[in-house]
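Taking it in order: structure first as structure tokens, then the write-up.
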Amino acid sequence: MKLRPGQQVASTVDGTRMVVVRAPAEEVELRCGGAPMVDAAEAAEPAAAPDPDRRDGTLLGKRYADEGLGIELLCTKPGTGTVEVNGTALPIKSAKPLPASD
């Protein structure tokens, strides 16, 4: 799937919905719960259940990113499936530490 910033994507096996914050230049395989994610405009009600081995879940308002690939997604609706890019689970992006003020 070719992603672009601002695009909304949805899971086909749970309620997960995400917005692309940063997109890689190349096409990627974006999956949630073991099933491909689709453009949110094309999404219908989940037709199946997530793969039991891929049920780590997504958290509302959290960013999922892979700096090496150059991808960042923002979760707008949580679900039970694990978000993966090219077969690797996307970790939650950690917050930047604030500078100390003494």
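Condition first: among the acidic types (D, E), open to solvent by 50 Å² or more (accessible area, probe 1.4 Å), over 12 Å from the mean Cα position of the chain (by Cα) and under 18 Å from V13 (Cα atoms). Now tell me which residues in region 25-55 satisfy that. E42, E45, D53, listed by residue number. Cβ separations smaller than 6 Å between residues 6+ apart or across chains give the following pairs from region 82-94 residues that are farther than 11 Å from E29 by Cα to residues that are assigned to a loop (DSSP other than H, G, I, E, B) and open to solvent by less than 20 Å² (accessible area, probe 1.4 Å): A89/T82.
Annotation for region 26-35: no member residue is over 16 Å from N86 (Cα atoms), in contact (Cβ under 8 Å) with a residue 12 or more places away in the chain and charged (D, E, K, R). Since V9 meets every condition but one in (1) part of a strand (DSSP E or B); (2) in contact with a Gly (Cβ under 9 Å, 6 or more places away or on another chain); (3) open to solvent by less than 50 Å² (accessible area, probe 1.4 Å), which condition does it not meet? With respect to (1) part of a strand (DSSP E or B); (2) in contact with a Gly (Cβ under 9 Å, 6 or more places away or on another chain); (3) open to solvent by less than 50 Å² (accessible area, probe 1.4 Å), V9 is out only on (2). Cβ-Cβ distances below 8 Å connect the following pairs, each with a first residue in region 56-80 that is closer than 18 Å to P46 by Cβ, a second residue that is assigned to a loop (DSSP other than H, G, I, E, B) and open to solvent by 70 Å² or more (accessible area, probe 1.4 Å), and a separation of six or more residues or different chains: C75/L59; C75/L60; C75/K62; T76/L60; K77/L60; P78/L59; P78/L60; T80/R55. Just the residues that are under 16 Å from I71 (Cβ atoms) and open to solvent by less than 50 Å² (accessible area, probe 1.4 Å), please, taken from region 12-22. Once the filter is applied, which keeps residues that are under 16 Å from I71 (Cβ atoms) and open to solvent by less than 50 Å² (accessible area, probe 1.4 Å), region 12-22 yields T16, M18, V19, V20.
Taking the stated definitions as given, is G57 on the phi > 0 side of the Ramachandran plot and either in a loop (DSSP other than H, G, I, E, B) or touching a helix residue (DSSP H, G or I) at 6+ places or on another chain (Cβ under 9 Å) (or both)? Here the answer is yes, as G57 does meet what is asked. For region 83-102, state whether one or more residues are within 10 Å of the chain's Cα centre (by Cα), assigned to a loop (DSSP other than H, G, I, E, B) and among the charged types (D, E, K, R). Looking for residues that are within 10 Å of the chain's Cα centre (by Cα), assigned to a loop (DSSP other than H, G, I, E, B) and among the charged types (D, E, K, R), one finds none in region 83-102, hence no. I'd like to check something: does region 69-79 contain any residue that is modelled with pLDDT of 90 or more, open to solvent by 70 Å² or more (accessible area, probe 1.4 Å) and either more than 19 Å from C32 (Cα to Cα) or assigned to a loop (DSSP other than H, G, I, E, B) (or both)? No, there is no match, as no residue in region 69-79 is modelled with pLDDT of 90 or more, open to solvent by 70 Å² or more (accessible area, probe 1.4 Å) and either more than 19 Å from C32 (Cα to Cα) or assigned to a loop (DSSP other than H, G, I, E, B) (or both). Specify which of the listed residues (A41, A25) is more than 17 Å from A89 (Cα to Cα), at pLDDT below 90, of a type outside the set (F, W, Y) and out of contact with any Leu (no Cβ under 8 Å at 6 or more places or on another chain). Going through A41, A25 in turn, the sole match is A41.
The values are calculated or read from the model by the stated rules, or taken from the named source; none is laboratory data. Just so you know, these numbers come straight off a predicted model, no measurement behind them. Because the Cβ atoms are built from the backbone with ideal geometry, glycine has one as well, and the counts that use them run over all protein chains shown. Note: areas computed on protein heavy atoms with side chains; ligands, DNA, RNA excluded. Shrake-Rupley method; radii C 1.70, N 1.55, O 1.52, S 1.80 Å.
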